Amino acid sequence: AGALAHHFNTLMTIVAGNLELAHENTAPGSETDQLLTHALSGCKRAADLGHTLLLYTGQFAEALASLDLSAFCHQQLDSIKPAIRQILTVDLAEPGPKILADPNHLARVLASLLTNAMETIDKEPGQSTLRVRYLDPESLSSAHIFPTGWNPAAGRYGCLEVIDNGAGIDEAQMINIFDPFYSEKFLGRGLGLPLALGIVKKLHGAITVVSQVHQGTTFRVLLPEQADTA
């Protein structure tokens with residue numbers, strides 16, 4: 001999948017480059033100009049899809065930084081909240097766990113989980129909770145843990161938790177929720193959770209899922225707490 005995504009992106013770069021050259025030599029506002037604009041828009045969406053698949057497979061470069069997980073989530077909420085339709089409760093530990101992550105990639109994880117929560121809620125009022133806390137490996141329950149076979153190696157983890165009161169996930173669906181293109185939602189969705197898992201896996205973390213049908217779902221992202229170097 002990673003190799004195919006890489007070659008796909010290379011080909012889309014060639015297509016987009018030639019479309020841009022053609023676009024520059026086309027009369028603005030003409031029918032051809034409009035067609036090329038639509039084609040370039042499609043190329044961008046296709047390139048984004050290829051990039052998402054690379055994130056899922058772990059084939060990407062990172063710009064790691066030391067982050068306070070609570071402070072990071074607080075900063076991100078300003079840009080994410082306008083797109084959230086449900087009631088959102090925020091509970092962020094102060095100070096938050098210190099983790100090592102790429103801020104741009106971690107932002108995609110947070111956005112994917114909150115978007116997934118929004119899309120699974122079909123009741124009014126929809127409610128979600130965003131929580132950040134510390135978690136010891138000993139306190140992990142027998143919840144579904146992804147990737148399969150993951151074993152905690154750190155002494156303590158930062159836990160980013162998103163809880164919703166949506167439709168829930170039954171056992172038959174659970175095994176597929178992190179597979180690319182699988183979705184119980186409307187056509188075209190389904191890459192958010194696989195993308196989140198690909199990013200978290202590369203950070204040596206995991207995602208746990210607890211769910212009850214018609215009651216809601218809790219996703220917990222576990223990221224190793226950064227060792228204190230002081």
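Of note:
- Region 161-177 - residue that is at pLDDT 90 or above and touching a helix residue (DSSP H, G or I) at 6+ places or on another chain (Cβ under 6 Å) and, of those, farthest from Gly96 (Cα to Cα): Asp164
- Looking only at region 128-139, and only at residues there that are of a type outside the set (Asp, Glu) and open to solvent by 50 Å² or more (accessible area, probe 1.4 Å), the one that is farthest from Leu197 (Cα to Cα): Ser139
- Residue identified as part of a helix (DSSP H, G or I) and open to solvent by 30 Å² or more (accessible area, probe 1.4 Å) among Thr89, Thr32, Thr52: Thr32
- Looking at Ile207, Ile199, just one residue is out of contact with any Pro (no Cβ under 8 Å at 6 or more places or on another chain) and within 18 Å of Phe60 (Cα to Cα), and that residue is Ile199.
- Those residues of region 28-87 which are more than 30 Å from Ala227 (Cα to Cα), in contact (Cβ under 8 Å) with a residue 12 or more places away in the chain and of a type in the set (A, V, I, L, M, F, W, C), in sequence order: Leu36, Ala39, Leu40, Cys43, Ala46, Ala47, Leu49, Leu53, Ala83, Ile84, Ile87
- Residue in region 61-75 that is at positive phi and either open to solvent by less than 40 Å² (accessible area, probe 1.4 Å) or in a helix (DSSP H, G or I) (or both) present: no
- Identity of the residue in region 81-92, touching a strand residue (DSSP E or B) at 6+ places or on another chain (Cβ under 9 Å) and at pLDDT below 95, that ends up farthest from Thr218 (Cα to Cα): Lys81
- All positions within region 103-127 that are at pLDDT 90 or above and open to solvent by less than 30 Å² (accessible area, probe 1.4 Å): His105, Leu106, Ala107, Val109, Leu110, Ser112, Leu113, Leu114
- Tally of residues being out of contact with any Leu (no Cβ under 9 Å at 6 or more places or on another chain) and surrounded by 13 or more Cβ atoms within 10 Å (Cβ to Cβ) across region 38-47: 3
- Region 178-209 - residue that is surrounded by fewer than 17 Cβ atoms within 10 Å (Cβ to Cβ) and either under 24 Å from Gln226 (Cα atoms) or among the basic types (Lys, Arg) (or both) and, of those, modelled with the highest pLDDT: His204
The values are calculated or read from the model by the stated rules, or taken from the named source; none is laboratory data. Remember, it's a predicted structure, so these values are computed and weren't measured experimentally. Note: ideal-geometry Cβ built from the backbone for every residue, glycine included; neighbour counts use all protein chains shown. Keep in mind that these areas ignore ligands, DNA and RNA; they rest on the heavy atoms of the full protein, side chains included. Shrake-Rupley method; radii C 1.70, N 1.55, O 1.52, S 1.80 Å.
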